[in-house]
1. Find the accessible area per residue for segment C:10-68; the probe is 1.4 Å, ligands and nucleic acids are left out, and the unit is Å².
2. I'd like the Karplus ³J(HN,Hα) series for segment B:114-128: coefficients 6.51, -1.76, 1.60, θ = phi - 60°, whole numbers in Hz, and an x wherever there's a Gly or Pro.
3. Using a 1.4 Å probe and counting only protein heavy atoms, how much accessible surface gets buried when D and C come together, both sides summed, in Å² to the nearest 100?
4. For chain C, list the DSSP H helices whose alpha carbon atoms reach 18 Å or more along the long axis and whose average Kyte-Doolittle value is 0.5 or above?
5. Amide H neighbours of C:VAL33 under 5 Å, at least 5 residues apart or on other chains, H built in the peptide plane: list them.
6. Report the C-A buried area as the accessible area lost on both sides summed, probe 1.4 Å, in Å² to the nearest 100.
7. Express in whole angstrom the spacing between the alpha-carbon centres of segment C:216-264 and segment D:60-78.
8. Order the following by accessible area, largest value first: A:ASP189, C:ASP245. Probe radius 1.4 Å; ligands, DNA and RNA are ignored.
Amino acid sequence: MNMANVISPSTVDALIKFGIDVAIILLKIVIVLAIGLLHVAYATYFERKVIGHMQVRLGPMRVGPHGLLQPFADGIKLFFKEDIIPAQADKVVFYIAPIIFMAAAMVNLSVIPFDANFVIADINVGLLFIFAMAGIGVYGIFISGWASNSKYAFMGGLRSSAQVISYEIAMGLSLVGVMMMAGSLNLSDIIRAQGESIFGMYAIPQFIGFIVFVIAAVAETNRTPFDLPEAESELVAGYFTEYSSFRFALFFLGEYIAMILMASLCTICFLGGWTLPWYVLKIFPFLSYVPGVVWFVLKVYAFFFFYYWIRATVPRYRYDQFMAIGWKILIPVAIGNILLTGLVKIILKEVL
Amino acid sequence: MAVTEVVAGLHPAGIEQEKIAEMIKEKFPEQVIDVTNFRDQVAVIIKKNQSFSILKYLHDEPVLSFDHLRDLTAIDWSNKKEVRFEVVYNLLSTKYRHIIRIKAQVPENDAKIASVVPIWAGANWHERECFDMFGIQFVGHPDLRRILLPEDWEGHPLRKDYPLKGYEGDKDWPGFIEVIKRSQELKEFEWHD
Amino acid sequence: MIKMQEPEKIFETRELNVNMGPQHPATHGVLRVVLDLDGETIVRLTPYVGYLHRGIEKLGENLSYFQALPLTDRMDYVSAMSNNIGYCVAVEKLYGIEAPPRAKFIRTIVGELSRISNHLLWLATHALDIGAMTVFLYCFREREWILELFEMICGARLTVTYPRVGGVRNDISQEFIDHLVKFLAEFPSRILEYETLIDQNRIWLKRTVGIGVISAEEAINWGMTGPTLRGSGIPYDIRKFMPYDAYDQVEFEVPIGTAGDTYDRYRCRMLELRQSVKIIRQCLEKLPAGPVMADAPKFVLPPKDKMLIITHPVNEIAYFIDEKACKGCGMCLRACPAKAITGEKKKPHKIDQSLCLQCATCFVTCKFKALKIIPGGKGQPEEKLVELSAQPVADEFKKAQEALVAHFDFIKKGPKVPEGEVYVATEVPKGELGFYFVSDGTHKPYRMRVRSPSFIHAGCLERLCKGHLVADVIANIGTIDIVLGECDR
Amino acid sequence: MTFKHFIKTITFIEILKGMALTLRRMFSRAVTIQYPDERRKIAPGFRGQHALSKRGGKAKCVGCGLCATICPSQCISITREKGQVTKYQIELLRCIYCGFCVEACPYGAISLTGNYEYSAYNKQDLMMTKEKLLSNWDKYMPGTKGEEYYKKFWRPMSEDFGTPPGQAMYGGKR
């Protein structure tokens, strides 16, 4: 058989093009993963430093200058510690749980546009994809709590699944306003629509949705004041009580990636992503030369800082109160916000 | 939300201790064995049979109203006194600010006394501790178990015939023996495969 | 009317049995709480204590009154000073002596400092349990300051052993007062800092208001004391009821709550912090000059400088047995730690000067005044000692000898106490700390009983928690302010 | 719910106040002491490791055993032979640092130094012998430090029973 007869030159071209595309995507994945994981490592450092200084102490100081190498030291420690598996644990599920959790969180990075045209998979249902994946992440938490065969872990898992499910609704509803304004589910489109709007960022017209989203985002990632699944003083560490070493590190990474994700989502949907509002650019025109990814990262880190700041300030809710807030306050408020947005949109359409 | 206020107010001082002792004597003439006074603290020594009704009287009588059981404990007189144990109730009235001490004699061969948990709920753990340390039974106690010592402890440590280092001071405690045994078992186990 | 049909029993449900503790971040030590849960609601709660039982009562019966003082440090180790004071006040009552005014004021100052430090630790851990971790570190910042003040006066930070029966160990220094004044000026603004973070915080209110409610009657019936009781509205404060130390000479108010819930107990303690500052200020202003140890020669350690002539000799001394006075009882022979004394029964003993350590043990044991301390007698031959012993003894030297005997007596045995019994309670930060001493006329207590507030409060835990959620158990353990060292003794 | 309360609730005012405080504190000086590099100054009279004091190069201790008698945890053991104290042992692991031995000693022979860093890998190293205790004196109580220690912390003295001149008093507000 002659191969040349089967594959026409155009097919070869197409194959080469496909190969290049794949290579670019792989490169992008590598870049996002490497930078993402580095950010996760330094997010922990950033957290410890910020909270440390807020609590009039110094935070990590011993490893490297000002403790800059602390994340690596922690990583090395975690990866070389003994991996303890409880004798009564459901072994297979116990192994799988952290992987599910971590994978579900990481997959989401693929749809995040870090800059104009820098996104691994520019799908047109980006928002829905993120919700779907976050939904899968709950399984990781829940089955880890179940598989540990520990009552504390079980309660943590139960709490977490209830929490994530109920707050997902609030969060989804809070973003509906944004979707309505942008008219798209594609994350890049949302950013572009924002940049072109008169407000520059949706946090201003959608401030109710913004507040609901921020609260739901804190809850979704199990952070104080909504860190009930972990609730150190009640459930010791909740669903990952029985996990150690590498497997614990996976949970840890997953949680911080989820945080990055929530911060990115907030940046994308409410803070304008890589763009700057036009009025800022009008005052400081030179800022337009700064690459968009810088703004994106800065906004993400500002949101991170907010996470830490909140953590350093407030106590923890009780489980039932927390659920009550989700169902009785956030969801109605978010629905109200949708109605309001729709109403305003219709009125504006009529007027203009 | 409740508001907390700051007060300096105090209730008037109550009845003198000797008088309270007199009142008890009047009410239960048969029961009072002795009244002692040392450093302005009066103790009424009573028989144990009616102890519950005496204490109930002290709690319920409006002019006395001893609502606070400060302390409940026992003394082991060993062979210093005829009756081996004395159960001591230190009472105080937060209303009238007067105090009294009641001591009920409990003989060794019948180390039982009525529980005062129905009068003061706080006596619950006091009595459990007393049972734990002295082996005095409190009849009518809802949950009379050892409290500070393990359930399988032998003896009652605050009795005077209990040696300071415990019985057989050199003996290892059972838990320790178990640990040693287990470690010896595991010694043969190959950890690194 | 249609009767509801009983659904078929397919699933058997039972309560979830959870062990909280002995190792748990929120049980404040080694408290074990067994919870029976229906979902997250508590059906049954059983506290188990005793993991830290060290038999302090039994130990106290085997140590002299002076020696048993450090044991009280180890009961409530977060406010050791208050425990020491409680012990000293009780033993003073038993002895029938009283500390001098200056010592009383100093004790009141350190007692209130200890109250502040205890409440700070309580607030820190309570807030941390409820999730406010910054309050924890802010509180520790100030607690550290207080511990430094303690170190300044007595050289120890935690287990202070500073008060003594009949006074305090040593006088306070000017440096301490200066630092204390600085602390008092700064501290009220720090209280505001904690309150900014939690006092009006909606989450804090949700977690504390209406949690662990107990009515006044019930609280007193359960034997609660201290701020835990006062949160329910009963102004029972021993500092007011039966003043000890200098509390009758200072003005202060007793904060009480109304609702008897966790929030009210928290507010009570916060107001108590301010009252403590007020008390310390007054004490400092009123602090009189004067002795810090009671002039009660038999009951307190005698001054050391009086016997310096013997114990710090310029010309070294020698011990010598007067043959005429010696009855040969053998007391010194047995007592001598160096075995330098030889002799037979009923015959005068002799000291081998080459073996003698000059420790004065023989001197204080001899009941017949046969032993003589000879200044400048060291290394002298036997004849010279006989000669020197005949010389009259100087007055000062005689006094020193008396002081030496008193000192040895005090250390070896301790003061004897008349037969009797006292129950003396003091207001420690956690509540009513009572010491019940029964003396049989010897130098050791026949029975030493400690009524520790933590023990009683731990017993109330079930009453407070029933029907609440798991998270409220943490809030309730925090609000009763227990330390297991004190609870188990 | 009053209007004021409602406004307070929706503006998160109390939480914002708390956040303002934590932000302010973020820029204030940290109180941390970097332990092995920096050390806290310890107060005089600190009750740390023991030392046997010397006068003229010789141990003051005569071995009367009063410290061993008063010690609540019974961690001191003394052996004497031929007119000398041959063995003076303190078991640091049992010592509770109450300072009673200092008070009990009529000769001022034992003191508690400011040394608190004495960890060891085995029990034997934490048995303080006479030699170690004497060398502690040279190490931690050099010069007049020892004398001052006894002046201040060897109590009670006669002045504790009287009114010494220059007693510490409160001098009004500063």
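The values are calculated or read from the model by the stated rules, or taken from the named source; none is laboratory data. Just so you know, these numbers come straight off a predicted model, no measurement behind them. In this analysis, Cβ positions are derived from the backbone assuming ideal geometry, glycine residues included, and neighbour counts consider all displayed protein chains. Surface accessibility is based on the protein's heavy atoms, side chains included, excluding ligands, DNA and RNA. Shrake-Rupley method; radii C 1.70, N 1.55, O 1.52, S 1.80 Å.
1. Values: 2690 Å² over 59 residues.
I get 46 Å² per residue for segment C:10-68.
2. 5, 6, 9, 4, x, 8, 10, 5, x, 6, 3, 6, 4, 5, 4
3. Working: alone 13210 and 23550 Å², together 31020 Å².
Heavy-atom accessible area buried at this interface is about 5800 Å².
4. On the way: long enough: C:80-95 (22 Å, 0.41); C:101-130 (43 Å, 0.31); C:133-154 (31 Å, 0.72); C:174-198 (36 Å, 0.24); C:262-286 (36 Å, -0.82); C:395-412 (26 Å, -0.34).
Passing helices, by number: C:133-154.
5. C:MET20, C:GLY21, C:TYR48
6. Numbers: alone 23550 and 17710 Å², together 38640 Å².
Summing both chains' loss of accessible area gives about 2600 Å².
7. 44
8. On the way: A:ASP189 65, C:ASP245 15 Å².
Heavy-atom accessible area, descending, gives A:ASP189, C:ASP245.
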